[in-house]
1. What full-extension length gain, to one decimal in nm, is calculated for residue 67 and residue 195 as 0.36 nm per residue of separation minus the Cα-Cα distance?
2. Out of every Cα pair in the chain, what percent are spaced more than 22 Å from each other?
3. How long are the three semi-axes of the equivalent ellipsoid of the range 4-149, in whole Å, if each is the root of 5 times an eigenvalue of the C-alpha gyration tensor, listed from largest down?
4. Please check: in the Gaussian network model of the chain (C-alpha springs, under 10 Å), which one of 175, 242, 130 has the largest mean-square fluctuation.
5. Tell me the label-point distance for the pair residue 130, residue 258, using the 7 Å Cα-to-Cβ offset, in nm and rounded to one decimal.
6. Hey, which of these cross-link pairs are over 18 Å Cα-Cα: 114/134; 134/215; 195/236; 134/203?
7. What does the net charge come to around residue 248 if you take all other residues with beta carbon closer than 12 Å to its beta carbon, with K and R at +1 and D and E at -1?
8. Quick one: if you take sqrt(5λ) for each eigenvalue of the C-alpha gyration tensor of the range 37-115, what semi-axes come out, biggest first, whole angstrom?
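Read the figures in this text as sums done on the coordinates, not as results from a lab. These numbers were taken from a predicted model, which means no experiment stands behind them. FYI the Cβ positions are ideal-geometry reconstructions off the backbone, even for glycines, and counts take in every protein chain you see.
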Amino acid sequence: MADARSIALVCATEASLWKELRTRATAVSKSEPALAPMLQRFVLERENFGAGMVQRLAERLAPSGQDLSLILRVLGEAVAADPEVLSQMRADIRATLERDPATEHALIPFLWFKGFHAISTHRLAHVLWTAGRKELAIHLQSLASEHLAVDIHPAARFGVGILLDHATGFVAGETSVVADNVSFLHEVTLGGTGKARGDRHPKIRSGVLVGAGAKILGNITIGEGAKIGAGSVVLKDVAPHTSVAGVPAVVIGQTSVDAPALDMDHSL
């Protein structure tokens with residue numbers, strides 16, 4: 001018989017994900033009555049995944065309730081402008097289920113994981129940015145930084161299947177580009193060198209694993225399937241399928257798998 005985790009992985013698709021979330025929410029409401037109001041508000045009273053996500057993100061970005069109606073409207077407008085962001089969010093939930101052993105089912109990241117909430121907020125801010133609503137996008141960035149301790153410029157571009165594990169202190173600058181299926185630990189910086197202008201931030205290719213506290217600085221490329229050791233300062237391009245570590249980072253060797261981001265093995 002499949003375990004709960006494998007069932008959750010299968011359910012991380014469009015209609016089935018929402019069904020899984022509602023089933024879990026119903027069960028948890030019965031077993032933990034203290035959580036029932038939250039589960040009603042974010043899942044059981046919502047008609048679909050998008051409506052639930054907008055409500056959950058809005059309340060994380062406006063926890064005091066001040067400007068909540070404004071944030072709800074803005075997030076709803078972003079979803080309506082580009083419904084594809086919901087597919088991207090579902091892919092991020094799937095990435096969390098696959099790579100984080102602490103995630104037993106989809107309801108956990110949906111309700112509580114600030115890394116998932118932060119990248120989801122960024123996706124909506126990016127929609128606003130590309131639509132020319134730049135000040136409003138920066139307002140969402142500021143709220144995410146204040147309440148989630150994650151600071152991603154709304155112009156930065158992220159693929160799907162992104163895991164921000166723990167997420168506290170994650171920073172990505174304006175011209176950062178991150179491909180699909182990349183995993184970051186907390187306190188990672190995708191930053192500039194402090195003097196360059198224009199295209200000045202890192203480009204992270206698919207399958208890359210970036211350890212906690214790593215600082216990747218400048219318009220450099222981290223090649224597909226590379227691994228960045230925790231606490232490293234990376235100032236030069238990293239070749240595909242290469243492990244680097246240190247301050248400044250140096251080559252340690254070749255990665256043992258094609259996509260370290262997927263197996264989350266931080267050994268070098």
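1. Contour length minus the Cα-Cα distance gives 42.4 nm.
2. 55 percent
3. 25, 17, 14
4. Its mean-square fluctuation being the largest, the pick is 130.
5. It works out to 2.7 nm between the two label points.
6. 114/134; 134/215; 134/203
7. Taking every other residue near residue 248 into account, the sum is +2.
8. The equivalent ellipsoid of the range 37-115 has semi-axes of 21, 15, 11 Å.
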